[in-house]
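Report on one structure; see the data block that follows.
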Amino acid sequence: MTKTNITKAAKANQSNLDPLAFIDRVRVAQDEWNEKMFQGTNARLLSMLADCHAVHDALTAAGVSKRKAFTAKLAKEGLTYKEGVHLSTKIVHYVFRMKNARTTAYARVLRAAISNKVEAEKLSAWVTAQGGIEAVRRHSADKTSPAKVARELGKRAQDTLAQVTAEAVLKEVPQSLVPSNSEEHELSVALVRMNAKTKKLEVVWGSNTASVVRLVLDAVGKDVIAKHGDAKAAQDAEAALEHSQQTIENAVNGNMPSQQQAA
C-alpha cells in the first residue's frame, strides 16, 4: 500500500485510527520507497558525481586552453566566478544547471574525493563507505579552509610585526609603498636588491595592494608558526600559502617597478 493509500484509509477510519499503528504503517511504506526509489536515485547521483570527477580529470590534463574554453562555456550559461573557485565546483554547477546550497554540497563531496585521491570509478563506493553524501559534506565543511587559515596567519603576522624593530628606514617613500588607508594595518610590500657596486639595498618594486600584502603576511605567519614547532599548524599554513599564490602574480603584473635607495 502506498503512502497516499495509507492516508486515504486513515481518513476513512478516522474514529478508529490508532496513531501508533498508523505511524508504523507509514514507516514501512517509507522503507519500501527508500529501497526502491531513494536508493536508486542516490546511486544515480553518485554515478553523475563520478562522471563529474572524470570531467575534472580530463580538464586538468587537457591544459589551459581547454579550461579557458570551459570558462567561456560557463559564462554563456550565466555562471561566473571570482578567482580561486575550484574547478570541480564549476563542473558541478554546469552539470546541474544551477548554483545553490544543494549543488554546493555536491561540489564539496566531489572536492573531498579529489583531495583524498579517490579515483572517479571508485567515488560511489568511497562515498558510501564514508556514510553517504551528507556525511562527506559535513566532514568536509568542518575542516578549516585554506582561506580561513590564511586569515589567521595574517592576523598572527600583524601582531608579531607590531613588536618588531625596523631594520632600515627609507630616505624617500615612493607612492607605491604608502600603505593603503582602507586596510586595518599600515603595511606595504617592497622588493629589494643588493647593488653590487654600492653594496646598498635598493627598493626596485613596491606595492600597497591588499592581496600582495596579505600574501606576504601569510608567509610571515607561517614562519612564526614554524618557529614555534607546531607541525599541524605549519602544514595548514603551507596549504594556505598555496591557495594564495596566484594573487601575487596578478598584482605584480599590474604594477610598474620603481627604484629608491634604502639608508
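Bear in mind these aren't lab numbers, they're just calculated from the coordinates by the rules spelled out. Predicted model, so just to flag it, every value in this text is computed and none were measured. Cβ coordinates were reconstructed from backbone atoms using ideal geometry, including for glycine residues, and neighbour counts include every protein chain displayed.
Neighbour counting of Cβ atoms within 10 Å sorts the residues 194, 98, fewest neighbours leading, into 194, 98.
Going from the residue with the fewest nearby Cβ atoms within 10 Å to the one with the most, 198, 60 rank 198, 60. Multiplying the sequence separation of residue 202 and residue 138 by 0.36 nm and subtracting their Cα-Cα distance, what value in nm do you get? Contour length minus the Cα-Cα distance gives 18.0 nm. Could you give the nm distance between label points at residue 20 and residue 82, where each point is 7 Å from its Cα heading toward the beta carbon? The modelled label-to-label distance comes out at 5.5 nm. If a/c stays under 1.5 just call it rounded; otherwise compare a/b with b/c (prolate if a/b is bigger, oblate if not). Do that for the range 57-134, with a ≥ b ≥ c from the square roots of the Cα gyration tensor eigenvalues. Note, shape of the range 57-134 comes out oblate. When each of the peptides 66-77, 121-132, 84-95 is scored by how many other beta carbons lie within 10 Å of its residues on average, the order from highest to lowest is 84-95, 121-132, 66-77. Taking other C-beta atoms within 10 angstrom as a stand-in for reagent exposure, 191, 46 fall in the order 191, 46, fewest first. Centre-to-centre, using Cα atoms only, the range 28-42 and the range 103-128 are separated by 23 Å.
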